Amino acid sequence: MLNRTLTSNFARLIFLLILGVSCHGTNTTEPVAISNVGPGSILFLAYHHQAKHPSQSVSKKRLYSMNVDGTNIRPLTDTSITVTFASYSPDGKRIVLAMGHPSYRYEVVESLKVMDCDGGHPRLLTNTPARFAVWSPDSRQIAFNVEQSFPGGYSIFGFNAIGADGTGERRLTKDYGVYHLSGWPKGSCLLGYVTKDTLDGTKTVDGNYIFLMDTLGKIQQRWGGGGESSWAPLASEDGRYIVYISTKSGTRSAYLLDVDRNRDSLILQDQREVFKEPRAFSPDGLQLLYNAGYSDYNKMRILDLRTGAVKDIAPFKDDTTTCLAVSWGRN
C-alpha cells in the first residue's frame, strides 16, 4: 500500500513540476515558507569551528537527529569520534554511520557502525574504511565505498557490501575506479556516479556521468557525460525517479529524472547559493532535503517538489556551527 501511494504521489509530482516550472520559474534563491513539512525525522552532522573558514577547522562532527520542523534536537554521538556520514535504514529502525578522525581540510575514515535510531546499542560493522554507505531496500544489507589511496593524494574507489549484522562482507565491483556510491533503490542495482572512464583511473571522460550498476559490478544504465557533468544522484524509494545535479543548462542546477521515460525536468536553478547535494526524499516522496550554500558556508533546506517553496532548517542559531543534512527517516 505504501509503495502504491508513493508511486501515485510521484506521478502527480511530475505533472506538478511541469506546471511549477512554467508558473513559478526555477530561481529559488530566497526561501519561501512551506506550510506543512513532511513526516519523519532528519539526521544531520554539526561541527563547531573557530577558524575563519570552516574547512580549516579540525572540530569533530557530531551526529544529531531532530523533528522535521527543527524541534526536539538530540545528539546521537559524542565528541570522542567524528562522523562523516549517516543514514536511516528504510524500515526506520537503525542508522549506519561512517566514522574516523578529523585532519586539516580532510577527514580520515576508519570504520562503519550500526546503531539504533536513538543512538543506543552501537556496534562495529566493519573496519574497512568507508566514505559513504547505503542500505539495501529491505534493510538487511549495506553497500559502501571502499577507498584505495596513492602517493600524492590520488584515490580510487570500489563498492563493497556487508550484512547489517556485520557478516558476509564482499566486493561488489571487480576493480577500483573513480566510482561514487549514492543509493540502492528497489531492485538489484546500485546508484552512483563516475568521474573517470576506466577502472584503473587513467583515462578521464569529458564530464561526469550517473549510472545504475548491478551487484556484479556491471553498469546497466548511464546518463550524462559527453560534454556535460552530472553527479550526486538521489533515487526515490521505488527507483523510478532520480534527482541529480548537472551543468548541462550552463549553470549548476538540480533535475528530476523519470527513469522509465528517460526524461528529466529542471527543478531548481539557484543563482546566488549553490545547490550542493540532494540528501533525501521525504517519506511521502513529495519533498526534498538538500544542502545549499557556497564555499565553506552551508544551509540545510527542504524543497516542496509540488510548489517550489523552500524552507530553511537552522537547528543552531549561531555563526560558529556548520550543519550538514544527511538523511530523512520514517520514525
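The values are calculated or read from the model by the stated rules, or taken from the named source; none is laboratory data. Note that the structure is predicted; figures quoted are calculated from it, not measured. Here the Cβ is made from the backbone with ideal geometry for all residues, glycine too, and neighbour counts use every protein chain on show.
For the stretch 156-176, which positions are at pLDDT below 70 and under 20 Å from the mean Cα position of the chain (by Cα)?
Passing the criteria: only Ile156.
Residue under question is Arg252, and the condition is that it be among the basic types (Lys, Arg), over 16 Å from the mean Cα position of the chain (by Cα) and surrounded by fewer than 20 Cβ atoms within 10 Å (Cβ to Cβ); does it hold?
yes
Name the residues in the stretch 259-289 that are under 29 Å from Gly92 (Cα atoms) and either in contact with a Lys or Arg (Cβ under 7 Å, 6 or more places away or on another chain) or of a type in the set (A, V, I, L, M, F, W, C) (or both), would you? Outline the logic, then answer.
Of all residues in the stretch 259-289, those under 29 Å from Gly92 (Cα atoms) come to 259-260, 267-268, 275-289.
Within the stretch 259-289, Val259, Asp260, Ile267, Leu268, Phe275, Ala280, Phe281, Pro283, Leu286, Leu288, Leu289 meet the criteria.
Residue by residue through the stretch 58-72, note down the ones that are at pLDDT 85 or above and either part of a strand (DSSP E or B) or basic (Lys, Arg) (or both).
First, the residues of the stretch 58-72 that are at pLDDT 85 or above: 61-68, 71-72.
If the condition is that a residue be at pLDDT 85 or above and either part of a strand (DSSP E or B) or basic (Lys, Arg) (or both), then Lys61, Arg62, Leu63, Tyr64, Ser65, Met66, Asn67 are the ones that fit.
Select from the stretch 73-91 the residues that are modelled with pLDDT of 90 or more and assigned to a loop (DSSP other than H, G, I, E, B) and write down the one among them that is farthest from Phe132 (Cα to Cα).
Among those that are modelled with pLDDT of 90 or more and assigned to a loop (DSSP other than H, G, I, E, B), it is Ile73.
Please note which strands (runs of 3 or more DSSP E) are completely contained in the stretch 252-331 and include at least 2 residues that are closer than 23 Å to Gln221 by Cβ and among the small types (Gly, Ala, Ser).
Details: elements: 253-258, 263-268, 274-281, 287-294, 297-304, 310-313, 321-329.
So the answer is 253-258.
Conditions tested, residue by residue: (1) closer than 24 Å to Phe275 by Cβ; (2) of a type outside the set (Lys, Arg); (3) in a strand (DSSP E or B); (4) modelled with pLDDT of 70 or more.
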{"site": "Leu199", "(1), (2), (3), (4)": "no, yes, no, no"}
{"site": "Thr202", "(1), (2), (3), (4)": "no, yes, no, no"}
{"site": "Val205", "(1), (2), (3), (4)": "yes, yes, no, no"}
{"site": "Ile210", "(1), (2), (3), (4)": "yes, yes, yes, yes"}
{"site": "Met213", "(1), (2), (3), (4)": "no, yes, yes, yes"}
{"site": "Gln221", "(1), (2), (3), (4)": "yes, yes, yes, yes"}
{"site": "Trp231", "(1), (2), (3), (4)": "yes, yes, yes, yes"}
{"site": "Glu237", "(1), (2), (3), (4)": "yes, yes, no, yes"}
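Failed condition for Val194, given (1) surrounded by 23 or more Cβ atoms within 10 Å (Cβ to Cβ); (2) modelled with pLDDT of 90 or more, with all others met?
(2)
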